[in-house]
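Remarks on the structure that follows.
The values are calculated or read from the model by the stated rules, or taken from the named source; none is laboratory data. All values derive from a computational prediction rather than experimental measurement. Using ideal geometry, Cβ is built from the backbone for each residue, glycine included, and neighbour counts are taken over all protein chains shown. Only protein heavy atoms, including side chains, enter the accessible area calculation; ligands, DNA and RNA are left aside. Shrake-Rupley method; radii C 1.70, N 1.55, O 1.52, S 1.80 Å.
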Amino acid sequence: MRASNHGFFSLFSVLLLSTLLAVQAVPKGALSNNAYWRTCPKALRIIRDTTFRLARSNPGLGAQLLRVQFHDCFVRGCDASVLLDSISGTPSEKEARPNLSLLGFDAIDTIKSEVEKACPGVVSCADILAVAARDAVSFPFKNRQLWPVLTGRRDGTVSRSSEVTGNIPSPFSNFTTLKQIFENKGLTVSDLVILSGGHTIGVAHCGTFSRRLYNFTGQGDADPSLNPIYANFLRQKCPNPADSSITVEMDPRSSRSFDTDYFKILTQHKGLFQSDAALLTDDSSSRIVKELQKPKAFFPSFANSMLKMSAIEVLTGKNGEIRNRCRFVN
């Protein structure tokens, strides 16, 4: 029992230290706890209240906005470039294949509209996305905010679909590719595993994993690393060829509960994507997967990694702009 307690407190100390380092890694003066306390003191409350209202009628909103934020931050940084519509024949990030299934843009538009009524031209779409994603995931926990969100981001003015591929991890990625993509953004293997825990909520289209069921090596075979009983279950849900209208829970029977179940199913070889299974192919990431099955390890770790991810290449000061509408530059 003593050894177990010692292990937990050692892990807790590491997590606390990494959180402090993550805060220090954000450029001083760039982001703050509430950048709008003078210019729009009700901003965070408006975002929360509107997000909660939308989440009541859409239980999947948390997963949707979390994915949008992830896809935004990994391309040009957290500048809301993923929210921009295509203009003048130039396809925006939305039009890139990995982003075609993104949902939640209408929710961001609604939240932005409510904020604009109170404080026109003050609050950035990048901050609204970051805060709303946190609030939507936190909604089932009522008054508990699952991670801190610093504010003060400004909005980007460029969005190109050509910049998406290679920057956003694919569900087909192996561990080496995943690690490199995260390192390119200043994130570690720990961040990779921890943020993959976001797959505990939401659904995925059959096409993102059907190859693992029917033609993994091009010989009409299944991925041997996939639990065979789970594979049979997935085949019943997703016939071959893949139907783009069919979705499957990423975390079986727990896709609306933000918890540690994702890491438990990984060790049972029930990770839906090839990129999920890849986390078990490296010794260090595999150890982290096992540690994160404990809620006391996962929740503070996720908060730390979200703090780091949401500060990737942010625009502050006079860089960028504050969009009037999130879909269009001013």
Check: Carbon and sulfur together cover what percent of the accessible area of the chain at a 1.4 Å probe radius?
Finding: 53 percent
Next item on the list: Pull up the cross-link candidates among the lysines for residue 42, meaning alpha carbon to alpha carbon under 16 Å and not fewer than 8 places away within one chain.
Entry: 112, 117
Next item on the list: Just grab the label-to-label distance for residue 229 and residue 95, each label 7 Å out from Cα along the Cβ direction, in nm (one decimal).
Entry: 4.7 nm
Item checked: Crossing angle, helix 175-184 versus the chain [Cα axis fit, 0-90 degrees, rounded to tens] -> 20 degrees
Next item on the list: Compute the accessible area per residue over region 68-132, keeping the other protein chains in place, probe 1.4 Å, unit Å².
Entry: 34 Å²
Notebook entry, point to check: Between 181, 47, 87, which gets the highest mean-square fluctuation from a Gaussian network model of the chain, Cα cutoff 10 Å?
Noted result: 87
Item checked: Straight-distance crosslink candidates among lysines, where the alpha carbon sits under 27 Å from residue 179 and sequence neighbours closer than 8 are dropped -> 94, 264, 270, 290, 294, 296, 308
Checklist line | Burial order of peptide ranges 124-137, 286-299 (average beta-carbon count within 10 Å, highest first) | finding: 124-137, 286-299
Check: Given a cut-off of 18 Å, what percent of all Cα-Cα pairs of region 272-330 lie beyond it?
Finding: 62 percent
